[in-house]
Amino acid sequence: MYTWDLRVLGPVGVLSPEGRPIALGGRRQRELLCLLLTARGRIVGLDRLVDDLWPDDPPPRARGSVRTFVSDLRRALEADRARPRVLVTEGPGYALRPPPDRVDLLRAEQRVEASRDAPPERAARLLEEALAQWRGEPFAEFAGAEWARGERARLAELRVRAVERLAQARLDTGRTDEAVAALHALVADHPWREEAWRLLALGLYRGGRRSDALAALATARARLVGELGLDPDPRLAELEVGILRGDPALRPPSSARDVWSDTTAAYAAVPARSRLETTAALVSDLAVSGAVAAAAEQRLETIAAAERFGDPELTARVIGRFDVPGVWTRSDDPAGAAAVVAAAERTLERLGDGGSRAGRARLLATVAMESRGTADRGGQAREAERIARELGDPRLLCSALAGRLMQAFERTGTARERCGIAAEVVGLAVDHDLATFEVHGRISRMQALSALGRFGEADADADRVDALAEGFDRPLAGVFTALYRRMRRDGPPSRAAEVLAGSDMAGLAEGTAGLVAVCALPEEGAAPGPAPDTGPYTPWVRPWLAARAGDGARARALLDALAAPPRDLLQEALWLLVLKAALRAGHPEAVRRAADALRPAADERAAGSALLDLGPIAPWLARAG
């Protein structure tokens, strides 16, 4: 029985059952492994391997080098076997025959194939499992190699077809919003996929967005004709006619059709003003169920529709119905968040002093939440909290406290304050059966407890979050607990990228996996290979990478031009990287600046994000003097 896992749908590597990389040797060994894998169990001759590995100028002892590489790979894959069964020698060459369940590529292919004749619900599960195998571009390390081109193209087509078929299965089972969100991303990356455009238009229509469905078809036609000179697939024209006529055949099949028909008929009879408030509540549910991008789009459309009525009380209720608390201090959609803040501030001005106090508090809490990481709105959060306490409204108070939590980063070292606020949110949520706010409060407390080094209590909160996420369909909550557990167990940095993949939370995902990888590096030495992509955190990472590589001059130059990091969940970690860089590079002014910023957190750990732990801050302050 083999317990390792070979992964090529992303960075090439072999992992142990504990998730630790198994040494394969250098680049040539990895390329040889991939070459043999793409042969699908067939024998590849030694001369062919030499030609593929050294296409331009093979070294004098290339054949001997290949034999050495094979021996190295055998030790990695089946060191305990006297007779190889995975990497075998036959005649003049070699073949790789791993168990299919031990290779991500083979698992993906098996599940895609099994989904072909499966009922829609099972097909969706199989395709979701297949797509989960991808962690990046297959064989990207060898993208320039002749042998990899055909395989990379084949796998790219396999993945796109799997996304399309998953969208179809979701539409067939009534999971319209999930299908539409995935298809929007697909047509953005592959604008000439006619099937993707067809499914997107169908999904938009089934979601009650007839005009958007027609606009999608018009966009597809314009691109195909205007940019490629191709006549669109006749099915696109047939779908357009069906949408214009309201063809009953476009409704969801079987039982999903009955639910859709009954619901849409009843919904159409609801007065438009009430329908807006109902839609706002549904959008809120959509967001906490994982479809973040789709919810953001629908939220802005609903707010705009409410404003057209010219009734600030209605707009306040519509804006306030989206009381989904954020637990990360960078927005997933900064432009959308800014638009929501602008709408809330316009509505506050129109409400004046004579409007509903609850409506005013909801708007203030919204401004505080949506301004997280971009503007100081602590005053609005505290005013919302004051009104909520006076009104005795526990849900409204949870919203206001959520805003306070996202605004509690005016300086470093606020973990105790955040822990107290989060504990109150948890208590209110438990007493009043507010599951979404309990999840929010416990994740926020888990973050604060990590900064305080109280990991036993944080573990308990993580366990409770996972139970709530399963019981109340809150899939995104598991992303935060999985990242926390990776940190606690000191798992490989690559695990962070796997957890974040497909989370639909751009504010959390951008640059995070790279930052985790950087923080896992030893204190000295150049980073192996290219520096990880740290996205928005790059300015505060570069000086430390330069300093630990021994390039003090570059580190000092970078520190001279460095602004303060954002006031968010990662500010202690980023300031500590700056302090480390300044100490190592010999930059007294940068040392003083970073130490002054970190002193309020002297009794904390640089772990308040619950994503990475750089350890206690006090020893570094002592070194700074």
Practice problem: Filter the range 454-482 down to residues that are part of a loop (DSSP other than H, G, I, E, B) and farther than 18 Å from G608 by Cα, then give me how many there are. | Solution: 5
Exercise. State all residues of the range 16-27 that are in contact (Cβ under 8 Å) with a residue 60 or more places away in the chain and within 14 Å of L73 (Cα to Cα); if no residue qualifies, say none.
Key: P21, R27
Quiz item: Across the range 116-139, what is the number of residues that are closer than 20 Å to L186 by Cα, of a type in the set (G, A, S) and open to solvent by less than 60 Å² (accessible area, probe 1.4 Å)?
Solution: 4
Practice problem: Kindly provide the set of residues from the range 91-141 that are hydroxyl-bearing (S, T, Y) and in contact with a strand residue (DSSP E or B) (Cβ under 8 Å, 6 or more places away or on another chain), ordered by number. | Solution: Y94
Self-check item: All positions within the range 2-13 that are open to solvent by 50 Å² or more (accessible area, probe 1.4 Å) and over 22 Å from A148 (Cα atoms)
Solution: T3
Quiz item: Across the range 263-318, which residue is modelled with the lowest pLDDT among those that are closer than 15 Å to L363 by Cα and open to solvent by less than 20 Å² (accessible area, probe 1.4 Å)?
Solution: A280
Quiz item: Looking only at the range 514-571, which residues are closer than 20 Å to S609 by Cβ and basic (K, R)?
Solution: R542, R567
Self-check item: Filtered residue count, the range 411-470, keeping only those that are of a type in the set (K, R) and within 13 Å of T481 (Cβ to Cβ)
Solution: 3
Quiz item: Consider A496 against the criteria (1) open to solvent by 10 Å² or more (accessible area, probe 1.4 Å); (2) part of a helix (DSSP H, G or I); (3) under 26 Å from G19 (Cβ atoms): it satisfies all of them except one. Which criterion is unmet?
Solution: (1)
Self-check item: Residue selected from the range 527-542 under the condition at pLDDT 85 or above and in contact with a Leu (Cβ under 7 Å, 6 or more places away or on another chain), by the criterion most open to solvent (accessible area, probe 1.4 Å)
Solution: R542
Quiz item: Do any residues in the range 186-208 that are closer than 24 Å to T302 by Cα have Cβ atoms under 6 Å from those of residues that are crowded, with 20+ Cβ neighbours inside 10 Å and among the hydroxyl-bearing types (S, T, Y), where the two are at least six apart or on different chains, and which pairs are they?
Solution: G203/T176; R206/T176; G207/T176
Quiz item: Of all helices (runs of 4 or more DSSP H) completely enclosed by the range 191-262, which ones contain at least 2 residues that are modelled with pLDDT under 75?
Solution: 210-228
Quiz item: If a residue has to be within 22 Å of D104 (Cβ to Cβ) and of a type in the set (D, E) to count, how many in the range 24-51 make the cut?
Solution: 1
Practice problem: Give the range 356-401 a look and list any residue that's small (G, A, S) and within 28 Å of the chain's Cα centre (by Cα), or say none. | Solution: A365, A368, S371, G373, A375, G378, A381, S399, A400
Quiz item: What number of residues within the range 590-625 are open to solvent by less than 10 Å² (accessible area, probe 1.4 Å), outside any loop (DSSP other than H, G, I, E, B) and within 28 Å of D461 (Cβ to Cβ)?
Solution: 2
Quiz item: Restricting to the range 344-366, what's the tally of residues that are surrounded by fewer than 24 Cβ atoms within 10 Å (Cβ to Cβ) and not charged (D, E, K, R)?
Solution: 8
Exercise. Enumerate the pairs (first residue in the range 409-433 and assigned to a helix (DSSP H, G or I); second residue anywhere and aromatic (F, W, Y) and crowded, with 22+ Cβ neighbours inside 10 Å) with beta-carbon separation below 6 Å, excluding pairs fewer than 6 apart on the same chain, so at least 6 apart or on different chains.
Key: V425/F437; A429/F437
Exercise. Write out, first by first residue and then by second, each pair whose Cβ atoms fall under 7 Å of each other, whose residues are 6+ apart or on separate chains, and whose first residue, in the range 441-453, is in a helix (DSSP H, G or I) while the second is of a type in the set (S, T, Y).
Key: M446/Y484; Q447/S609
Quiz item: Only one of these conditions is not met by G491: (1) modelled with pLDDT of 80 or more; (2) more than 23 Å from A182 (Cβ to Cβ); (3) open to solvent by less than 60 Å² (accessible area, probe 1.4 Å); (4) not β-branched (V, I, T). Which number is it?
Solution: (1)
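Based on this model, can you work out whether R107 counts as in a helix (DSSP H, G or I), open to solvent by less than 70 Å² (accessible area, probe 1.4 Å) and of a type outside the set (G, A, S)?
Yes.
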Quiz item: Which ones in the range 440-476 are at pLDDT below 90 and either open to solvent by less than 10 Å² (accessible area, probe 1.4 Å) or in contact with a Cys (Cβ under 9 Å, 6 or more places away or on another chain) (or both)?
Solution: L468
Exercise. Taking R85 as meeting all but one of (1) surrounded by 15 or more Cβ atoms within 10 Å (Cβ to Cβ); (2) within 16 Å of L33 (Cβ to Cβ), write down the number of the exception.
Key: (1)
Practice problem: May I ask you to list the residues in the range 39-58 that are open to solvent by 90 Å² or more (accessible area, probe 1.4 Å) and under 21 Å from V8 (Cα atoms)? | Solution: R40, R42
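Filter the range 14-38 down to the residues that are open to solvent by less than 40 Å² (accessible area, probe 1.4 Å) and either among the β-branched types (V, I, T) or touching a Ser or Thr at 6+ places or on another chain (Cβ under 8 Å) (or both), then identify the one that is farthest from R489 (Cα to Cα).
Let us first name the residues in the range 14-38 that are open to solvent by less than 40 Å² (accessible area, probe 1.4 Å), namely 14-16, 19, 24, 26, 29, 31-38.
Add one more test, that the residue is either among the β-branched types (V, I, T) or touching a Ser or Thr at 6+ places or on another chain (Cβ under 8 Å) (or both), and what stays is 14, 16, 38.
Numbers: V14: 20, S16: 15, T38: 34 Å.
Result: T38.
The values are calculated or read from the model by the stated rules, or taken from the named source; none is laboratory data. None of the values given here were measured: they were computed from a predicted structure. Cβ: placed from backbone, ideal geometry, glycine included. Neighbour counts: every protein chain shown. SASA here: full protein model, heavy atoms, side chains in, ligands and nucleic acids out. Shrake-Rupley method; radii C 1.70, N 1.55, O 1.52, S 1.80 Å.
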